[in-house]
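Participant: My questions all concern the structure below.
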Amino acid sequence: MNRRRLAIYLNDHMAGSTAGVELARRVVGSNRQLTGYSPLSRLEELGILELGVTGKQMLWHALAQADIPMSELEPLIERARSQRARLEALRRQAAVQAFEPAANNT
């Protein structure tokens with residue numbers, strides 16, 4: 001195993017994760033809602049979380065190619081699958097709420 005390349009890869013994922021956290025913080029305030037919490041906030045946040053979990057899942061699969069034992073990675077891969085499924089269900093619910101007609105626009 002090329003430990004130098006593995007370290008670079010892991011550092012890149014950590015940088016991406018850090019960037020994702022910063023993006024999530026910015027997105028929360030960028031949905032044209034000056035005060036309070038817009039239904040779009042939930043939808044945007046769940047989408048960002050789902051992207052992060054997808055990246056994590058890709059990381060576990062890539063580490064399987066770096067001779068990390070599957071017995072160690074399979075529980076992590078399964079947890080990421082489960083997290084994605086739950087986030088997808090929540091994101092779909094949030095989309096319905098975000099795009100339902102406003103009471104004063106019907």
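The values are calculated or read from the model by the stated rules, or taken from the named source; none is laboratory data. Predicted model, so just to flag it, every value in this text is computed and none were measured. Note that we place each Cβ from the backbone using ideal geometry, even for glycine, and neighbour counts take in every protein chain shown.
Participant: Taking only region 53-78 into account, find how many residues are buried (at least 18 other Cβ atoms within 10 Å of the Cβ) and under 30 Å from Glu100 (Cβ atoms).
Facilitator: So the count comes out to 1.
Participant: Being more than 22 Å from Ala19 (Cβ to Cβ), aliphatic (A, V, I, L, M) and either exposed (fewer than 13 other Cβ atoms within 10 Å of the Cβ) or touching a Gly at 6+ places or on another chain (Cβ under 6 Å) (or both): is that true of Ala95 here?
Facilitator: For Ala95, the condition - more than 22 Å from Ala19 (Cβ to Cβ), aliphatic (A, V, I, L, M) and either exposed (fewer than 13 other Cβ atoms within 10 Å of the Cβ) or touching a Gly at 6+ places or on another chain (Cβ under 6 Å) (or both) - is not met.
Participant: Condition first: under 17 Å from the mean Cα position of the chain (by Cα), modelled with pLDDT of 85 or more and not aliphatic (A, V, I, L, M). Can you find one or more residues in region 58-77 that meet it? Explain how you work it out, then say what you get.
Facilitator: Filtering region 58-77 down to residues under 17 Å from the mean Cα position of the chain (by Cα) leaves 58-61, 76-77.
Next, from what is left, pick out any that are modelled with pLDDT of 85 or more: 58-61, 76-77.
Checking which are not aliphatic (A, V, I, L, M) leaves us with 60-61.
Checked region 58-77: at least one residue is under 17 Å from the mean Cα position of the chain (by Cα), modelled with pLDDT of 85 or more and not aliphatic (A, V, I, L, M).
Participant: Spot the failing condition for Met58; the list is (1) closer than 14 Å to Tyr9 by Cβ; (2) in a loop (DSSP other than H, G, I, E, B), and only one is missed.
Facilitator: With respect to (1) closer than 14 Å to Tyr9 by Cβ; (2) in a loop (DSSP other than H, G, I, E, B), Met58 is out only on (2).
Matching residues to (1) modelled with pLDDT of 80 or more; (2) assigned to a helix (DSSP H, G or I); (3) more than 18 Å from Gln83 (Cβ to Cβ):
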| position | (1), (2), (3) |
| --- | --- |
| Arg5 | yes, yes, yes |
| Asn31 | no, no, yes |
| Leu34 | no, no, yes |
| Tyr37 | no, no, yes |
| Ser41 | yes, yes, yes |
| Leu46 | yes, yes, no |
